1. Test of understanding: among 285, 300, which residue is within 16 Å of the ligand (Cβ to nearest atom), open to solvent by 20 Å² or more (accessible area, probe 1.4 Å) and basic (Lys, Arg)?
2. Looking at region 167-183, which of the residues that are open to solvent by 30 Å² or more (accessible area, probe 1.4 Å) and aliphatic (A, V, I, L, M) is farthest from residue 151 (Cα to Cα)?
3. What are the residue pairs meeting all of these: first residue in region 375-402, first residue free of Cβ contacts under 8 Å to residues at least 40 places away in the same chain, second residue open to solvent by less than 40 Å² (accessible area, probe 1.4 Å), Cβ atoms under 9 Å, and 6 or more apart or on different chains?
4. Here are some conditions: (1) open to solvent by 20 Å² or more (accessible area, probe 1.4 Å); (2) of a type in the set (A, V, I, L, M); (3) within 14 Å of the ligand (Cβ to nearest atom). Residue 161 meets all but one. Which one does it not meet?
5. Of all the residues that make up region 173-210, how many are of a type in the set (A, V, I, L, M, F, W, C), outside any strand (DSSP E or B) and within 16 Å of residue 142 (Cα to Cα)?
6. Which residue, of 117, 106, is of a type outside the set (A, V, I, L, M) and touching a His at 6+ places or on another chain (Cβ under 6 Å)?
7. Quick one: would you say residue 98 is at positive phi, more than 14 Å from the ligand (Cβ to nearest atom) and surrounded by fewer than 24 Cβ atoms within 10 Å (Cβ to Cβ)?
8. Can you tell me which residues in region 305-352 are touching a helix residue (DSSP H, G or I) at 6+ places or on another chain (Cβ under 6 Å), among the hydroxyl-bearing types (Ser, Thr, Tyr) and within 12 Å of the ligand (Cβ to nearest atom)?
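The values are calculated or read from the model by the stated rules, or taken from the named source; none is laboratory data. Since the structure is predicted, the reported quantities are computational estimates derived from the model, not experimental observations. For neighbour counting, all protein chains shown are included, and Cβ atoms are generated from backbone atoms with ideal geometry for every residue, glycine included. Note: areas computed on protein heavy atoms with side chains; ligands, DNA, RNA excluded. Shrake-Rupley method; radii C 1.70, N 1.55, O 1.52, S 1.80 Å.
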Amino acid sequence: MRTNLSIFTCIECKKEYDIAEIRYRCDCGDLLEVIHDLDTCISKADNWKASLDGRMGETAFHRYQDILFPALPEASIISLQEGNTPLYDVSHAFPDFGKLKLKHEGMNPTLSFKDRGMVAGVSWANHLGYRKVICASTGDTSAAMAAYAGATPDMKGYVLLPVGKISPEQLAQAITYGALTVGIESDFDGCMKLVQKLTEKHNIYLLNSMNSVRIEGQKAIGIETLHQLDWKVPEWFVIPVGNAGNISALGKGLRELNDLGIIDKVPRLAGVQTIGASPLYESYKNGYADLIAQKAQPTKASAIQIGDPVSFKKAVRELKHFNGVVEAVSETELMDWKAQIDRLGISICPNSAVAVAGAMKLMDNGVIKKQDNVVIILTAHGGKFSNTAVTYHSDKANQFANQMFTIKPSIDELERTLEL
Ligand code: F0G
């Protein structure tokens with residue numbers, strides 16, 4: 001029985017709960033995290049590292065399960081072959097960095113990093129015997145949850161979306177994967193409040209990242225990246241921040257690798273938000289002051305239009321531990337950087353571009369030093385945001401616009417257009 005290898009612990013009062021309990025918060029009201037008996041699971045770091053080489057054909061969740069979520073029984077796992085995403089080296093295009101690498105989580109089955117958390121979350125719901133799962137979402141959690149619920153026999157997904165605030169592709173994902181999809185006339189924060197109230201009353205499993213089981217799956221992003229780097233730790237990880245679950249997962253995974261002696265130094269973390277939806281940035285600027293919830297302003301990075309991030313406290317803890325920084329970027333900065341990365345053949349979403357723009361700003365400001373090795377986490381694929389991209393490129397006022405030409409079917413006109 002491996003289920004005794006993991007427990008819930010309150011991040012504030014440290015009270016412990018059985019992992020089989022259905023709970024998303026401590027009795028004191030604070031967030032929970034899952035703590036594993038990692039010394040039992042991975043007794044010798046070198047042996048564990050060496051054992052991974054023979055497991056490259058497996059999904060990332062299986063390969064790293066000893067550190068991700070050892071209590072989850074194999075028979076309950078629902079996988080869509082997530083993980084094993086590319087780590088692109090783009091140093092040739094950015095000579096000021098030592099090495100600049102892009103971890104493209106948009107290359108997951110539902111085109112975002114959310115699949116990493118959902119393999120843990122939906123599998124755990126499956127293990128617990130739940131047949132109904134629910135989330136509020138800005139479009140990517142809902143896509144992933146709908147897909148993994150669809151992949152589970154007799155499981156139904158329920159999705160709450162802020163109406164008009166997600167892309168058509170993201171909406172299509174929730175609907176086509178078969179989730180009962182409800183548009184709420186509110187923003188993400190409003191949807192999140194509703195989903196919490198509903199799951200207090202009804203027997204539906206909540207799969208937002210306030211469910212700490214999801215965070216365990218998302219740790220795989222950082223762990224897999226370091227494995228790809230042969231455990232050589234870069235100076236920086238840069239990541240976009242919305243509800244703050246992913247930066248918390250990145251930090252927790254790195255801490256655990258360090259505690260186990262799998263890595264011998266730690267990177268710094270940089271979280272990046274948009275200027276109009278920047279509660280973590282405002283806190284950071286004020287010495288990590290308490291969260292002041294914002295009314296998040298519309299942004300092209302609609303997946304991170306979040307003013308009241310649920311995992312705020314976890315994010316602050318990780319940022320402090322990893323000597324982190326938080327940056328905020330404008331709409332022009334993020335869209336111009338999206339265009340420049342797309343052009344390298346790497347299609348990214350506006351939310352990922354927030355992290356790229358943030359990394360460039362931190363480099364310009366001297367926070368990221370010239371020749372630092374940097375990994376930027378790209379969180380979703382550009383194909384989820386085609387309207388945003390076409391609108392940008394249709395307007396020649398935009399610095400990197402690549403406008404389409406429309407002509408009559410005439411060879412002369414074609415030659416003129418191609419300047420031949
Ligand atoms: N990037 C993308 C593409 C996202 O979808 C999200 C979050 C983030 C970054 C931020 O991650 O919330 O853990 O800080 N999307 C959630 C959703 C909120 O509902 O899809 P975070």
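1. Sole residue among the options that is within 16 Å of the ligand (Cβ to nearest atom), open to solvent by 20 Å² or more (accessible area, probe 1.4 Å) and basic (Lys, Arg): 300.
2. 182
3. Note: pairs meeting the criteria are 394/401; 395/401.
4. (1)
5. 11
6. After applying the criteria, what remains is 106.
7. No: the conditions fail for residue 98.
8. Once the filter is applied, which keeps residues that are touching a helix residue (DSSP H, G or I) at 6+ places or on another chain (Cβ under 6 Å), among the hydroxyl-bearing types (Ser, Thr, Tyr) and within 12 Å of the ligand (Cβ to nearest atom), region 305-352 yields only 311.
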